[in-house]
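Presented below is the structure to which this report refers.
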Amino acid sequence: MTDAQVKTWFQNRRTKWRRQTAEEREAERQAANRLMMSLQAEVVSKSIYDQTRDPLCISNASLHALQTLQPWATESAAAAHAAAAAAASHHQSGVDRPSFLGPPHSLSSPIC
């Protein structure tokens, strides 16, 4: 192969690689959009059938779902969430709760 043919081959190869990479990124973006749309539809359908609530309230389940979608969330935030869940289950087991903590929130109750 001549130098010109080699250059052309590499140029074509790079162009093909860029196109494939762009197509893969576009496919991933569309998959993420479909996932977000399905999650939004699920939240809307659940809110329609749930009891009438203050529109500014967010249920713990929805909050947890959003936290799992945040790749920037730190492990300490996850640990704090796990500790809060453990504390809630500890309270439900019949152990006395200090009065200054106030009443516990169940995992299905809204956060307002």
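What follows draws every value from the coordinates through simple rules; no lab data is involved. Just so we're clear, the structure is a prediction, and the values are computed from it rather than from any experiment. Heads up, the Cβs are rebuilt from the backbone with ideal geometry, glycines too, and the neighbour counts pull from every protein chain shown.
Below 14 angstrom from the Cβ of residue 26, what's the summed charge of the other residues (Lys, Arg +1; Asp, Glu -1)?
Numbers: positive: 18, 19, 25, 29, 34; negative: 23, 24, 28.
Every neighbour counted, the sum reads +2.
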Residue-by-residue Karplus 3J(HN,Hα) for the range 19-28, coefficients 6.51, -1.76, 1.60, Hz, glycine and proline x: 5, 5, 5, 5, 5, 5, 4, 5, 5, 5
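From the alpha carbon gyration tensor of the range 1-46, can you work out the equivalent ellipsoid semi-axes (sqrt of 5 times each eigenvalue) and give them in Å, largest to smallest?
Values: eigenvalues 390, 3, 3 Å².
The answer is 44, 4, 4 Å, longest axis first.
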